[in-house]
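Undergrad: Here it is: the structure, laid out below.
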Protein chains: 2
Amino acid sequence: MKNDLKKQEAIYTDWEIVKVSQDISQSKHDLVVKEKPLTVFVDGVEIVTLICSPEAYIELGVGFLISEGFINSRNEIKALSCKQEEGLLDIGLYKPLSNTGGFLRRNIASCCGKGRTSLYFINDARQVRPLDSGEMFETKELTMYLDRMEIQAEVFKITGGVHCSALAKDSTFVMFEDIGRHNTVDKLIGYGVLNNIELADKCLILSGRISSEIVIKAARVQIPLLLSRSAPTELALTLADDLNISVIGFARQGSLNIYTHSWRLT
Amino acid sequence: MKNDLKKQEAIYTDWEIVKVSQDISQSKHDLVVKEKPLTVFVDGVEIVTLICSPEAYIELGVGFLISEGFINSRNEIKALSCKQEEGLLDIGLYKPLSNTGGFLRRNIASCCGKGRTSLYFINDARQVRPLDSGEMFETKELTMYLDRMEIQAEVFKITGGVHCSALAKDSTFVMFEDIGRHNTVDKLIGYGVLNNIELADKCLILSGRISSEIVIKAARVQIPLLLSRSAPTELALTLADDLNISVIGFARQGSLNIYTHSWRLT
């Protein structure tokens, strides 16, 4: 409990503000979330700088490499070296990466051959495949996970400045809060992979919207169900439909919208 | 009005869902936002693929180049060629870009020399400078801009799946909705630059959180005030403090928090 409090304090801080309310100004204090750059290197080569909440850097870096398709499992990782204060993470791999530059670019040549607009911006080399999953969930358990995430989202309650995601199934419940929507998912994936947690039977719960990139990240680690209080995009749904992933949105107060693969809910 | 409706329809679409409410399942229809990749080329060289709402591609591409510091004004642009359907935009410049690869990486060497954590991830070559601005705003007008944005956020009302930003001052009010928080700002900046709209006297209103990247984008075009219903991050505030930008958050129902440069409000 003490540790949790300490961890929270490391990710937000005090800021002096002027509060204006009904035309009256007052000096006050507010708590705001910290935001730090983490630069990820692979075998000494700079890959990306992620702007994030300053905790779980190793989970974030490993999760990023997995969810962006650079590596497929923790067995490919030889060494991890993190300088927390400087925001530097170096991940050593057994096999060098062949392509580190173009992960934010789309492969025009191959996409045209494929003729699938929805897969335009997925680099061919790191293609995702449909899940071979018959995993099912109960509506009741999903509501429970959502409630639990809301209760445990301490940093959000204090600062209003973070997103939150959780991985859940039965008694397993792991959660991360981060200023970046994608970071919460990468941290979960990194945590899962580093701790040998089965991901293919889990539900991924999100505070934010479900975009195509979130679906692709989930598909890379075989997560069969995405659950959000917020909205999905059409491209996310088209991909999820193709990839055998269930997407549920607008899950609020005993009501939810099932957008894809509704058979997975009982 | 008709055009507006058509535009909206181009950025969302119909999706068949199963709605579960109080244990009762029903087939229904829902409206979801579209999400498309736009690949930006500069003189034929691929720069980045932005995932966005499929409208205002030229504004987005030009705004991105400006707000990321690749170019400083519309006078540097020689030609614009957009293939809307394929999501391809080529921007021709009079002077070739020297560095197109590393905009998502931070300049470790120079940051250490500078010893400023908060500027770590700003590439030296595209450094931002503090605003020389004495521009002031009234609390009353800010509330009016916020109300106007809420009223005009049609796509959000219909789909719940977009962010929204606006540029406002007196009778000028420009607004964009987009699935990406950064895209709304880039589209506004692109629109402003392409239409010769003065930006240095405007207020930038945001539906989403104020992160450091948003402050840097604003600083590049000399926008002196950022106003959001949501929270800022500490790094955003540190930068805004240094850059002479006023940040106002949690602006809701006649109440707001002024985090930096409160002198700008009367």
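The values are calculated or read from the model by the stated rules, or taken from the named source; none is laboratory data. As the structure is a prediction and not an experimental result, all values here were calculated from the model. No Cβ is skipped: glycine too gets one built from the backbone with ideal geometry, and neighbour counts run over all protein chains shown. Ligands, DNA and RNA are excluded from the accessible area calculation, which covers all protein heavy atoms including side chains. Shrake-Rupley method; radii C 1.70, N 1.55, O 1.52, S 1.80 Å.
Undergrad: Tell me, how many Å apart are the Cα centres for the stretch A:188-222 and for the stretch A:20-70?
TA: 19 Å
Undergrad: Pulled fully out, how much extra length does the chain show between residue A:16 and residue A:45, if you take 0.36 nm times their separation in residues and subtract their Cα-Cα distance?
TA: On the way: separation 29, 0.36 × 29 = 10.44 nm, distance 3.98 nm.
Stretched out fully, the residue A:16 to residue A:45 stretch lengthens by 6.5 nm.
Undergrad: Return the carbon/sulfur percentage of the accessible area of chain A, one whole number, probe 1.4 Å, all protein chains in place.
TA: Exposed carbon and sulfur together represent 48 percent of the surface.
Undergrad: A further question follows. State, as an integer percentage, the relative contact order of the stretch A:120-246 based on alpha-carbon contacts under 8 Å between residues 6 or more apart.
TA: 25 percent
Undergrad: Hey, another quick one. Please check the stretch A:45-74 for residues whose accessible area, probe 1.4 Å, is lower by 20 Å² or more when all protein chains are in place than in their chain alone.
TA: A:46, A:49, A:51
Undergrad: Any chance you could look up the accessible area of residue A:170 with a 1.4 Å probe, heavy atoms only, rounded to 10 Å²?
TA: We get 110 Å² for residue A:170.
Undergrad: Name the residues of the stretch A:243-260 whose accessible area, probed at 1.4 Å, falls by at least 50 Å² once all protein chains are in place instead of their chain on its own?
TA: Residues losing area: A:257, A:258, A:259.
Undergrad: In the protein assembly as shown, with Lys and Arg counted as +1 and Asp and Glu as -1 at Cβ, which of these residues, A:137, B:197, A:25, has the Cα nearest the positive end of the dipole, that is, farthest along it?
TA: Going by the charge dipole, the pick is B:197.
Undergrad: When the Karplus curve 6.51 cos²θ - 1.76 cosθ + 1.60 is applied with θ = phi - 60°, which whole-Hz ³J(HN,Hα) does each residue of the stretch A:67-79 get, with x for Gly and Pro?
TA: 6, 8, x, 5, 10, 10, 7, 5, 5, 7, 8, 9, 8
Undergrad: What accessible area, in Å² to the nearest ten, does a 1.4 Å probe give for residue B:13?
TA: Only protein atoms counted, so the area is about 30 Å².
Undergrad: Applying 1/(1 + (r/R0)^6) with R0 = 30 Å to the Cβ-Cβ distance of residue A:197 and residue A:252, what FRET efficiency is obtained, to the nearest 0.05?
TA: On the way: r = 28 Å, r/R0 = 0.92.
For residue A:197 and residue A:252, the calculated efficiency is 0.60.
Undergrad: Indicate, rounded to the nearest 5 percent, the antiparallel portion of the DSSP beta bridges found entirely in chain A.
TA: Approximately 75 percent, going by the DSSP bridge assignments.
Undergrad: Using the heavy atoms of the protein chains alone and a 1.4 angstrom probe, what is the accessible area of chain A per residue in square angstrom?
TA: Value for chain A: 42 Å² per residue.
Undergrad: Relative to the compact globular guide of 2.2 N^0.38 Å, what is the alpha carbon radius of gyration of the protein assembly as shown, as a ratio?
TA: Working: Rg = 22.4 Å, N = 532, 2.2 N^0.38 = 23.9 Å.
So the Cα radius of gyration is 0.94 times the expected 2.2 N^0.38 Å.
Undergrad: Within a Cβ distance under 9 Å of residue A:15, other residues only, what is the Lys/Arg minus Asp/Glu net charge?
TA: Working: positive: none; negative: A:14, A:16, A:30, B:234.
My count for the surroundings of residue A:15 gives -4.
Undergrad: While we're here: From the backbone phi of the stretch B:24-31, what are the Karplus-calculated ³J(HN,Hα) couplings (6.51 cos²θ - 1.76 cosθ + 1.60, θ = phi - 60°) in whole Hz, Gly and Pro given as x?
TA: 10, 9, 9, 6, 9, 10, 10, 9
Undergrad: A further question on this structure: Provide, as a two-decimal number, the C-alpha radius of gyration of chain B over 2.2 N^0.38 Å, N being how many residues it has.
TA: This ratio for chain B stands at 1.06.
Undergrad: Tell me which residues come under 5 Å, amide H to amide H, from residue B:34 once H is placed; ignore anything under 5 positions away on its chain.
TA: Here A:234, B:12, B:13 satisfy the definition.
Undergrad: Another question about this same structure. If each DSSP helix of 4+ residues adds -39,500 (n - 2.57) and the sum is divided by the residues in chain A, what number results at 222 nm, nearest 500 deg cm²/dmol?
TA: -9000 deg cm²/dmol
Undergrad: What total accessible area, in Å², is buried where chains A and B meet, using a 1.4 Å probe and rounding to the nearest 100?
TA: Buried: approximately 5100 Å² between B and A.
Undergrad: Count charges around residue A:144 for me, please; just the other residues with Cβ under 12 Å from its Cβ, Lys/Arg as +1, Asp/Glu as -1.
TA: Charge balance in the 12 Å sphere: -2.
Undergrad: ³J(HN,Hα) across the stretch A:238-250 via Karplus (A = 6.51, B = -1.76, C = 1.60, θ = phi - 60°), whole Hz, x for Gly/Pro?
TA: Using θ = phi - 60°, the values come out as 4, 5, 4, 4, 5, 8, 6, 10, 7, 10, 10, x, 6 Hz.
Undergrad: Would you tally the net charge around residue B:169, using a Cβ to Cβ cut-off of less than 15 Å, leaving residue B:169 out, and scoring K and R as +1, D and E as -1?
TA: Details: positive: B:140, B:148, B:202, B:264; negative: B:135, B:138, B:141, B:170, B:198, B:201.
Its environment carries a net charge of -2.
Undergrad: Taking all protein chains together and a probe of 1.4 Å, list B:132, B:14 from the most accessible to the least accessible.
TA: The ranking, largest first, comes out as B:132, B:14.
Undergrad: Which far-off residues, 5 or more places away or on another chain, put their amide H under 5 Å from the one on residue A:251, with H placed in the peptide plane?
TA: A:228, A:229, A:230, A:257
Undergrad: Could you sort the peptides A:190-199, B:48-57 by per-residue average Cβ neighbour count (10 Å cutoff), highest mean leading?
TA: B:48-57, A:190-199
Undergrad: Can you give me the long-range amide H partners of residue B:244? Hydrogens built in the peptide plane at 1.01 Å from N, cutoff under 5 Å, separation of 5 or more residues or another chain.
TA: Here the answer is B:131, since their amide H atoms fall under 5 Å of that of residue B:244.
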